[in-house]
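Q: I am attaching a structure below and will ask some questions about it afterwards.
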Amino acid sequence: MTIDIQTLEDRYVDSCRRQGVLANSSILSSLFKAEVKKSNHELCKLEILIDDLKDVDIAPLLDLCMNFDASEIEAVDVRNESSCVLNGEHALSLMRAVNKKLRVVHLQDLLHGKDFLRDISQRGLACQVLTLRCSCFRKLNLTGKFMHMHTLNLDFSTSLTSFQEECFNCMPKLMRLSMCDTRITNLWTTVAALSKLPSLVELRFQYWQYCNDAGTSFTSCSGKSDDTADFSLLDRIPFIVEPLTNTTELTDPNFSAEDPLRNFYSLDEEVINHDVQSMAEDSSDDSEVDFTSRHHRYWLSFPGWSAEVPLLYENEDEEDSSQGTFMEPITDVSMKYMSRHASPICYEKHYREFMIASLPNLKNLDNMPIRKIDKERATGIFSQYFEYLPYKWKHKESVVSILQKREIKSGQNKVHSSKNRTSYPSRQSQYFYTRSLSAAKLGSSTWPFLHPLSLIGSELDKGFHPRQFEYHPSDSSLMVFGTLDGEVVVINHENEHIVSYIPSLGAMNSVLGLCWLKKYPSKLIAGSDNGSLKLYDIHHIPRKVTGIHGNFGWVTFDEFDQLTSVHVNSTDELFLASGYSRNVALYDINSGKRLQVFTDMHRGHINVVKFANHSPSIFATSSFDHDVKMWDLRQKPIHPCFTVSSSRGNVMVCFSPDDQYILASAVDNEVRQYLAVDGRLHLVFDIAPTESSQNYTRSYYMNGRDYIISGSCDEHVRICCAQTGRRLRDISLEGRNLGSSVFVQSLRGDPFRDFNLSVLAAYMRPGSKSKIVKINLLASSGHANKDDSFDLHPCPFHSMGA
């Protein structure tokens, strides 16, 4: 027999009496409102505002919840809109006790701490609509059971930067996802996470609104601009980040469905009971969190997300996009679009086309319908500017399959068939199998394995502050780094043991220049910003230097003031030094003498100087005067062989391993590749600028000269094909200390391992600590120990060294 609401109220009051507490007035009021709705033939829902609850209210309220399944209550909404004194465990117990009739859960801010969010993430909820609006969690990783959830709202979660690899593994019913005004940036990991949602049709990282010269015009749920709408409410809805103090009108059930300011998750009962039940099934998700002290509450309305209008989309076979979409096609040419509350991912070049091409089931992106013509354009843009897999592979293939083909030489006819001939590189290539294995591994590892080098446990480790590093040219296990304190440390980066340690001894400041000798692999040149230049032989330097500061096998050269760069030629006879001047100094390694100083080689200071890899007299210089110049020592460099120019100051230049190209990187993502023979422009890499004069960009080659890696301040590391310029992947570096931007201070491709690189990552904040992070694109982050999620501490930007 169905329990009526009056009986529910009587039982609640009786339970309160037995528990020795007063009945909560907010609960009694909600029961009364539910009875009114029942009598008016509306959805009989009970709204529980946990802001009004105290711990003593929970026991009788849990008794009440036990009767819901057999009662007239059809749905229960649980909301948290302001400060809350209720214990987190009690709040969780309440939501779980409601069970199947839990409809909307709105958590305006997570005041119950990390454990509260972790419990929701790992165990899930039975709700249909979940709103988590908070500035506390950084990585989304919901793995619990959200079996009925069709709408997830994470708007204004201003610390949310990314998704864990297991996120969205079990959410077959999720149709609508909104993440406006978050910090999500990475296209690849975002798409990989969202691809696990089979029912996802609406996605938002921003919302677009119409406006014209006369003013702003919002789009209604029907897709038409409602000229008769009452926009008096607009002034009371904060579109910029401001606290909301009054939500009464927004939650009013009589609020017009045609009013575009209706909050999207205040869903109509009929839609929840009719439209939603026709969706898919289960759902699950989890979340790793970091917390800050910021606690704000925000409200945002989304045109077209009111569930009072059924979800209808265009017929894919028709070009007419007005049929059943949230928006009518624009017929007024004076109409313009304005983006509101965009997450950083929206500013990635070709963002919309990338998302449409990668998520084929999507029907609406940023409240703009996706038409057939949009999909066709997105496919073209994707193939022009992005690589799906490396080395022109078009389809993912398992490693096992590739190994089987190599061993038994099966499938050869298939590879050479006319149908698939363009899908794979030539099978005759000596690199065919290694490249196919790389493509297979990278295709299954969207989240690369990031591992910060750690020397903890070594008696020498005292918290090094790396400022520059270089891989060894012939020993795949060695790496050298110089520190902000003037130390030079040679390590085995595979086992993280120190091989040689050279202290500052009071003679050096920050080490900005490092270069190994090739013919004498135990020797290296180190230069610091105070001008000190030394040649070290690590075979004659003990692993641990004691207090006896003797000469342990090093040679000192004449100083070069304000040094930023050193480089040794291919025969190990000469090296060059440059710095904050317009001059370059040439040194003889055998004699230890400075041979010459070439003056006024540029109009500005010369940030980087590089010898060619195979021609001992050829070198290149880059300067903030916007020029990159090629020089030949045989011509007594008075006039350059050629000069190429960038539109901004050049941060660095380097040669490709075979010396066929030079790669120039200028401020704010201006990366160009030139033919080394005559300076002709070969390729401009399509990396969007940030319009920041402080966005220093550095680029190097990886996998020989097949790919380039490019990193800059406060942005991803980008990987692009060196022949086509197409982007293969972005790698996001994230520190736990929110409020400080992680940036790339230096980076290098591993010369021995394809799709491996290391990045010197730091914060912009003075006094911070930098770390060398090894990145393996062919291994998944799922293979990493959880302790490897590195935590960078807030490294000053001391110089422009590469």
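Q: Quick one: how many residues across the stretch 169-184 are closer than 22 Å to T158 by Cβ, in contact with a strand residue (DSSP E or B) (Cβ under 8 Å, 6 or more places away or on another chain) and open to solvent by 20 Å² or more (accessible area, probe 1.4 Å)?
A: 0
Q: Within the set of pairs 6+ apart or on separate chains, which have a first residue in the stretch 80-104 that is farther than 18 Å from N24 by Cβ and not assigned by the TED database to the domain that holds L53, a second that is open to solvent by 50 Å² or more (accessible area, probe 1.4 Å) and in a loop (DSSP other than H, G, I, E, B), and C-beta atoms under 6 Å apart?
A: Partner pairs satisfying both residue conditions: none exist.
Q: Moving on to the next point. Could we say that S474 is over 33 Å from the mean Cα position of the chain (by Cα) and either acidic (D, E) or part of a strand (DSSP E or B) (or both) here?
A: no
Q: Anything in the stretch 53-68 that is within 23 Å of S82 (Cα to Cα) and surrounded by fewer than 18 Cβ atoms within 10 Å (Cβ to Cβ)? List them, or say none.
A: K54, D55, V56, A59, L62
Q: Among L92, L22, L31, which is open to solvent by 40 Å² or more (accessible area, probe 1.4 Å), hydrophobic (A, V, I, L, M, F, W, C) and either out of contact with any Lys or Arg (no Cβ under 9 Å at 6 or more places or on another chain) or part of a helix (DSSP H, G or I) (or both)?
A: The unique qualifying residue is L22.
Q: Counting only residues that are assigned to a helix (DSSP H, G or I) and either crowded, with 19+ Cβ neighbours inside 10 Å or of a type in the set (K, R) (or both), which one in the stretch 36-51 is nearest to the chain's Cα centre (by Cα)?
A: Ranking the candidates gives I50 first.
Q: Of all residues in the stretch 615-630 being assigned to a loop (DSSP other than H, G, I, E, B) and open to solvent by less than 20 Å² (accessible area, probe 1.4 Å), which is farthest from I662 (Cα to Cα)?
A: Checked the stretch 615-630; the qualifying residue farthest from I662 (Cα to Cα) is D625.
Q: Sticking with this one: Considering (1) open to solvent by less than 10 Å² (accessible area, probe 1.4 Å); (2) closer than 26 Å to V191 by Cα; (3) not polar (S, T, N, Q), say which one A666 fails and leave the rest.
A: (2)
Q: Another one. Looking at the stretch 669-691 only, could you name the residues that are at negative phi, charged (D, E, K, R) and assigned to a loop (DSSP other than H, G, I, E, B)?
A: Passing the criteria: D678, R680, D686.
Q: If you check V608 against the conditions, is it touching a strand residue (DSSP E or B) at 6+ places or on another chain (Cβ under 8 Å), modelled with pLDDT of 95 or more and crowded, with 21+ Cβ neighbours inside 10 Å?
A: Yes: the conditions hold for V608.
The values are calculated or read from the model by the stated rules, or taken from the named source; none is laboratory data. Treat the numbers as computed from the prediction; the structure is a model and nothing was measured. Cβ sites come from the backbone with ideal geometry, for glycine too, and all protein chains shown count toward neighbours. Remember, those area values only see protein heavy atoms, side chains included, never the ligands or the DNA or RNA. Shrake-Rupley method; radii C 1.70, N 1.55, O 1.52, S 1.80 Å.
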